[in-house]
Every structure is written in structure tokens, then in C-alpha cells.
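Engineer: Have a look at this one before I ask anything.
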Amino acid sequence: MEGAPVTVQPPGHDGGRRVTIRGEFVGIAYHLLDVVEFLRQKGLPETDTTVEDADLIEWCGGGPNAWTASE
């Protein structure tokens with residue numbers, strides 16, 4: 001079984017999180033709406049509950065509410 005098609009990396013020093021979809025880098029998200037927009041652009045579900053779907057998104061280094069780098 002494959003992992004989630006979307007991976008959101010831990011926040012960097014500036015709070016941005018690298019996002020990949022199906023192994024392709026799609027951008028840096030600075031807030032949750034950026035992730036939703038990346039999903040929309042790639043034709044994936046983009047509802048507000050989508051970000052909680054572990055089968056779709058793997059949140060590394062904190063969930064959808066983590067947008068600051070940990071010290």
C-alpha cells in the first residue's frame with residue numbers, strides 16, 4: 001500500500017512548509033489555505049475536512065495547525 005499522495009514537511013524557520021503531491025514539489029505553504037490551493041490545482045479534494053484525512057495528507061512535524069518552526 002502506498003502512503004498518502006500529499007506530504008507537508010515540518011515548518012521551516014520562516015514558517016513555510018514544503019508540499020509535495022505524488023512526489024512532485026508543488027510549493028511552499030505558509031498557511032492552510034495554501035495547502036488547499038495546491039490540492040485544488042492538482043485536482044484533489046479541497047474541502048475544509050480534507051486536511052484531516054490521513055489517507056490524503058501526511059503532516060510531518062506537526063498537523064494542519066503548525067505553522068511556526070519549533071526551536
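Engineer: What is the diffusion coefficient of the chain in µm²/s, taking the Kirkwood radius over Cα pairs and the Stokes-Einstein relation at 4 °C with a viscosity of 1.567 mPa s?
Structural biologist: Working: Rh = 11.9 Å.
Roughly 109 µm²/s, to the nearest whole number.
Engineer: The chain: which chymotrypsin sites (Phe, Trp or Tyr not before Pro) are DSSP loop and have at most 11 other beta-carbon atoms within 10 angstrom? Don't skip to the answer; put the middle values down first.
Structural biologist: On the way: sites: PHE25, TYR30, PHE38, TRP59, TRP67; in loops: TYR30, TRP67.
For chymotrypsin sites (Phe, Trp or Tyr not before Pro) across the chain that sit outside H, G, I, E and B with at most 11 neighbouring Cβ atoms in 10 Å, the list is empty.
Engineer: Picking from GLY15, GLY27, GLY43, which is most flexible by a Gaussian network model of the chain using Cα springs under 10 Å?
Structural biologist: GLY43
Engineer: Would you mind checking the tilt of helix 32-41 against the longest principal axis of the Cα atoms of the chain, expressed as 0 to 90 degrees and rounded to 10?
Structural biologist: 30 degrees
Engineer: Give me the net charge of ILE28's neighbourhood, meaning all other residues with Cβ under 9 Å from the Cβ of ILE28; Lys, Arg count +1, Asp, Glu -1. Intermediate results must be reported in sequence, preceding the final value.
Structural biologist: On the way: positive: ARG17, ARG18; negative: ASP14, ASP34.
Summing Lys and Arg as +1 and Asp and Glu as -1 gives 0.
Engineer: Now for a separate question. Which residues in the stretch 1-25 have a backbone N closer than 12 Å to a point placed 7 Å from the Cα of TRP67 along the Cα-to-Cβ line?
Structural biologist: 15-17
Engineer: Can you pull out the trypsin sites (Lys or Arg not before Pro) in the stretch 1-31 whose DSSP state is coil and whose Cβ has at most 14 other Cβ atoms within 10 Å? Let's see the in-between values first.
Structural biologist: On the way: sites: ARG17, ARG18, ARG22; in loops: ARG22.
Here the trypsin sites (Lys or Arg not before Pro) that fit, given the DSSP loop and packing criteria, are ARG22.
Values quoted throughout were computed directly from the atomic coordinates according to the rules given, and no laboratory measurement underlies them. All figures in this text were calculated on a predicted structure; none of them were measured in a lab. Don't worry about glycine lacking a Cβ; one is built from the backbone with ideal geometry, like all the others, and counts go over all protein chains shown.
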